[in-house]
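Here the structure comes first, spelled out in structure tokens, and everything after it is commentary.
The values are calculated or read from the model by the stated rules, or taken from the named source; none is laboratory data. Nothing here was measured: the structure is a model prediction, and the numbers come from that model. So basically every Cβ, Gly included, is an ideal-geometry build from the backbone, and we count neighbours across all protein chains shown.
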């Protein structure tokens, strides 16, 4: 058995891993690591697991068996899916997918048809058998709807391990044992995985969980805390986790008791507050009226509650009335009664509109830069001054009055899925005189404690450094210190939590657990938390990857802080042999067999800035838990952005990792694939660092956005496989092209041979990626390329339109791939005569034939064919439902417009099909072609070929939307074929 190449260097089941990654992403807060706290861009654990297993798994001379064993190890084969199935298929779906024989045996026959009701006497064993039979007829995508994630099951079946061990010549009975055994065989010892950009800890955690020794480091202390917790808390037993939670409960009870004694969350009726809603106010410069600011005045959709502004002539301001149970018309009016519209104050008193930038007194300097006009708050301030532009006002309170059969403790500690309606009656009210007195009391309590708490580290005292994200809160509100992002109630409650925690002499695991609990509260307890009136709850600070100031925000109370405070932990007891450090990646000194990294390459997320929101509060407790750690973000050292400085830093980092890697070791670099420029730049960085590309794979995960986010978050995570560069050869650029062409074709051919014709693993985007990888494999296999000065290229500032020599090489590989990737059953000569837009459309049909509906796949096609605008071809651009318009859906739209596709032969063929259907006369379609297609007779073969290709979609199960058009295309093809002059 050969150990020269690993499985991942030869093949990788990207389709199944993409689907599993998407399933994991869609689990949201039920993902394994998210319960410990916020981090941005964590990689799916199944992707990490698959990459590690595939890296230590040998590639044998039986690639099909290798693939079968790989899928079995990950519980992604048919038997593994059977084990993972935990949800029943509905009786209705069972009937729809049952054979005639099964229908007769299992289901009631009534009025000439079978109905979704079992026959009498069907045993549980029989029902289970039917469940499994139908389940095994489903596609992989359909099966996943009924399955646990691979990490949620333990496949310890002796039968499976017998098959695995026979092929690999191992003696394992668990994944951990297998990883250790294969690691010893490959590296001479148990495998050690390193990650110097640990972030939220996905890579170190999953490596440790499946049996590897782990080295993890990050520059950022918050990343360090999360990664340490992943490895040292999630590896604990159930009983140990329960002890940590009991201590959290104890702290919560003490805080709740103090708040109860203060009486700041209870009203005279005996109700408890759940949320306080605040809005900003400002003075209209036109009429001098003080105006409450809000994008709308809906308080609750479910309770039909709105806020109404009533002008108070005596005070020249507005009273805010809260009305419940209003009509649809009133709800509509509240939605449209905005006092903030497109960045303008709209005064309801004088009806004048004033830009917010004018209110803030922003202006342009002589050199054209914007000078922001808001006063910067001072360190000891935590409320606006009376003369500040923006004031804050409590305008609504959500109260609950418990049912007689419930205790207040039950109400405050209700589980997250339960609704308020199960525990009491909810009321939205405008603040009363007594409520406002309680607000004053909160302020008095805070004033009394503020200085002492800042000294002791219970309230932050650190300044907000200027930066891409942090500048927004400075310029839009004038806040200069982190505590100013919190109002009086928020500062008081979080301060009490920290004061009580500080009383206890506890170990590092308890301290870390509590730090993460505080961070979960902070994410839900700032002036950046939106009020979600559709769900009657406050959102998180980081509802997207930025610090957005708000005109309306929600403040939680003790009854809505219990669930975020008590960490939801999914633990996996495992032996943890790990080291976690805070360290600049350039200074790492630990030797690892595999380095797996997700660097901040061309990344829009400013981790250092966003993490400072939490670190401002965590400083004292991080230092106490880890005496040799620092507690600031080390922003100045953070690797960020693009350009010469960034490239130089990356070369330093990866050169260092290469030095600290075993000679027979590997590196996997994960990054979000955006375009050829990113590839070219990253390739030069890694090549300069002494590394050679051996393979690359693309894992697609697409999720639809929500909240403040726009569009789909389309993620094509590339995993680039690298080894140490050992060649001393020099090549000439013009000599490489023949090698690249040969490598591209070899790579595509080998992938095609491995592809499952019934369950496709590779799509065009994967073949395109293979072309990228093939070009880089050839390029980086040489020590030097005579015509390319890599150091010069990396230091060179380049405009967006300038193409580097490496880009040229990759583009040439892409061209080779697309000339080679002709749709099956399509004439190669005619294919070459088509314009790029026509090729994209026809390749899109092939994607649908393979049941692929990822938007990223169309983006890859467009990029490969050099098509700038393709969205007009798509019927849907939603994540995982992207598909082309049929001729019927196109109708006459975009015909003969300024686009290349609108004037193409294929577009005219589409119109011909549409007309034939519309007029119920195929000859009308033929007549359109003869009249509109220039040189019809010479293009007749092309028309016939395209029609024939489209007609093949008629009998494809997942393309029922094409059935009518495909059938018409078949008739039209015959008509054109038999046409004569």
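Side notes on the structure shown:
- Residue count for region 281-306, restricted to those that are in a strand (DSSP E or B) and within 32 Å of the chain's Cα centre (by Cα): 3.
- For region 192-206, the tally of residues that are in a strand (DSSP E or B) and either surrounded by fewer than 24 Cβ atoms within 10 Å (Cβ to Cβ) or out of contact with any strand residue (DSSP E or B) (no Cβ under 9 Å at 6 or more places or on another chain) (or both) stands at 1.
- Of all the listed residues (666, 670), the sole one being in contact (Cβ under 8 Å) with a residue 40 or more places away in the chain, touching a helix residue (DSSP H, G or I) at 6+ places or on another chain (Cβ under 6 Å), outside any helix (DSSP H, G or I) and in the same structural domain as residue 778 (by TED's automatic domain parsing) is 666.
- Qualifying residue in region 921-939 (condition: out of contact with any helix residue (DSSP H, G or I) (no Cβ under 9 Å at 6 or more places or on another chain) and within 19 Å of residue 875 (Cβ to Cβ)): no
- Among the residues making up region 489-503, a single one is touching a residue at least 60 places away in the same chain (Cβ under 8 Å) and out of contact with any helix residue (DSSP H, G or I) (no Cβ under 8 Å at 6 or more places or on another chain): 490.
- Residue in region 416-423 that is in the same structural domain as residue 256 (by TED's automatic domain parsing), within 36 Å of the chain's Cα centre (by Cα) and within 27 Å of residue 341 (Cβ to Cβ) present: no
- Yes/no for residue 263 being in the same structural domain as residue 527 (by TED's automatic domain parsing) and at positive phi: yes
- Summed over region 256-280, residues that are within 39 Å of the chain's Cα centre (by Cα), part of a helix (DSSP H, G or I) and closer than 12 Å to residue 438 by Cβ total 1.
- Pairs with Cβ under 8 Å, 6+ apart, first in region 784-798 and under 19 Å from residue 691 (Cα atoms), second in a strand (DSSP E or B): 784/730; 784/731; 785/730; 785/731; 786/730; 786/731
- Scanning region 224-240 for residues that are outside any loop (DSSP other than H, G, I, E, B) and either surrounded by fewer than 16 Cβ atoms within 10 Å (Cβ to Cβ) or at pLDDT below 95 (or both) gives 238, 239, 240.
- Applying the criterion of at least 2 residues that are over 48 Å from the mean Cα position of the chain (by Cα) to the helices (runs of 4 or more DSSP H) found wholly in region 917-981 leaves 922-932, 963-977.
- Test: residue in region 511-534 that is over 20 Å from residue 558 (Cβ atoms), crowded, with 22+ Cβ neighbours inside 10 Å and either over 25 Å from the mean Cα position of the chain (by Cα) or without any contact (Cβ under 8 Å) to a residue 12 or more places away in the chain (or both): yes
- Of the helices (runs of 4 or more DSSP H) lying entirely inside region 328-434, the ones with 2 or more residues being surrounded by 15 or more Cβ atoms within 10 Å (Cβ to Cβ) and free of Cβ contacts under 8 Å to residues at least 60 places away in the same chain are found at 328-336, 356-359.
- Criterion violated by residue 441 - all others in (1) within 24 Å of residue 387 (Cα to Cα); (2) surrounded by 18 or more Cβ atoms within 10 Å (Cβ to Cβ); (3) in contact with a helix residue (DSSP H, G or I) (Cβ under 8 Å, 6 or more places away or on another chain) satisfied: (2)
- Answer residue from region 776-804, given it is touching a strand residue (DSSP E or B) at 6+ places or on another chain (Cβ under 9 Å) and in a helix (DSSP H, G or I) and is nearest to residue 741 (Cα to Cα) among those: 778
- Of all the numbered requirements in (1) closer than 30 Å to residue 207 by Cα; (2) assigned to a helix (DSSP H, G or I); (3) touching a helix residue (DSSP H, G or I) at 6+ places or on another chain (Cβ under 8 Å), residue 75 misses one, and that requirement is (2).
- Where a residue in region 905-933 is not assigned by TED's automatic domain parsing to the domain that holds residue 840 and its partner, wherever it lies, is surrounded by 23 or more Cβ atoms within 10 Å (Cβ to Cβ) and not in a helix (DSSP H, G or I), with Cβ under 6 Å and at least six apart: none
- In this structure, residue 904 qualifies as surrounded by fewer than 21 Cβ atoms within 10 Å (Cβ to Cβ), more than 36 Å from the chain's Cα centre (by Cα) and under 15 Å from residue 834 (Cα atoms).
- Just one residue in the set 953, 934 is under 24 Å from residue 839 (Cβ atoms) and exposed (fewer than 15 other Cβ atoms within 10 Å of the Cβ); that residue is 934.
Every residue, every condition in (1) closer than 18 Å to residue 517 by Cβ; (2) out of contact with any strand residue (DSSP E or B) (no Cβ under 6 Å at 6 or more places or on another chain); (3) in a strand (DSSP E or B), yes or no:
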| residue | (1), (2), (3) |
| --- | --- |
| 554 | no, no, yes |
| 567 | yes, yes, no |
| 571 | yes, yes, no |
| 575 | no, yes, no |
| 589 | no, yes, no |
| 599 | no, yes, no |
| 613 | yes, yes, no |
| 617 | yes, yes, no |
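- Boolean, residue 52 is buried (at least 21 other Cβ atoms within 10 Å of the Cβ), in contact with a strand residue (DSSP E or B) (Cβ under 8 Å, 6 or more places away or on another chain), under 24 Å from residue 233 (Cβ atoms) and outside the structural domain of residue 515 (by TED's automatic domain parsing): yes
- Sole exception among (1) surrounded by 15 or more Cβ atoms within 10 Å (Cβ to Cβ); (2) within 36 Å of the chain's Cα centre (by Cα) for residue 875, by number: (1)
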